[in-house]
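Report on one structure; see the data block that follows.
The values are calculated or read from the model by the stated rules, or taken from the named source; none is laboratory data. Model, not experiment: these values are computed from the prediction. Reconstructed Cβ throughout: ideal geometry from the backbone, glycine too, with neighbour counts over all protein chains shown.
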Amino acid sequence: MNYYLKILVLLVVAAAAVYFIPRKTVEPAPNDQSEEPIEAEVIVDTPQPGDMVASPLQVKGRAKGFWFFEANLPVTLKDQNGNVLAQKGFSAKGGSASGGQAGDWMTENYVEFDDVLTFPTPTTQYGVLIIEKDNPSGLPQFDAAFAVPVIFQ
């Protein structure tokens with residue numbers, strides 16, 4: 001009987017320990033509403049992802065000024081095999097609050113671009129419009145691109 005009493009006492013002590021030992025709870029991370037949402041560096045108004053496109057293709061949007069160099073923004077249209085159908089340097093149209101002066105590309109704000117790409121009839125159904133950050137340094141850490149998938153008519 002002594003053996004059973006010892007077992008019973010040990011079980012009671014273990015249960016008490018589990019009950020009385022403070023438990024560490026995992027608190028959910030605070031939802032900090034004060035954080036600013038991440039702002040896109042490029043916004044393409046036309047064409048939109050998945051749009052059906054044909055030549056001539058009107059490309060319109062805005063990019064942060066640091067995507068331009070000498071008011072130039074490289075734009076490329078490729079088919080789904082990676083073949084370049086059209087490539088052109090779009091000119092800055094001026095900052096969003098600037099009144100459209102060409103010198104306004106030297107800003108952290110959005111600068112509008114708007115131009116037309118002409119291209120031969122593609123041999124594939126799908127393609128991609130690529131807006132590239134003009135990187136005169138050639139250093140890969142300064143490269144950036146924004147892609148818009150399109151469907152050819």
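On the stretch given as region 20-76, residues that are in a loop (DSSP other than H, G, I, E, B), acidic (Asp, Glu) and modelled with pLDDT of 75 or more total 4. The set of residues from region 111-151 being touching a residue at least 24 places away in the same chain (Cβ under 8 Å), among the hydroxyl-bearing types (Ser, Thr, Tyr) and either farther than 19 Å from residue 49 by Cα or in contact with a Ser or Thr (Cβ under 8 Å, 6 or more places away or on another chain) (or both) comprises 118, 121, 123.
At pLDDT below 95 and crowded, with 17+ Cβ neighbours inside 10 Å: is that true of residue 94 in this structure?
Yes, satisfied.
State whether one or more residues within region 59-69 are loosely packed, with under 14 Cβ neighbours inside 10 Å and either of a type outside the set (A, V, I, L, M) or under 14 Å from residue 105 (Cα atoms) (or both). No: zero hits. Total residues in region 70-90 satisfying the condition of being within 17 Å of residue 116 (Cβ to Cβ) and exposed (fewer than 13 other Cβ atoms within 10 Å of the Cβ): the figure is 1.
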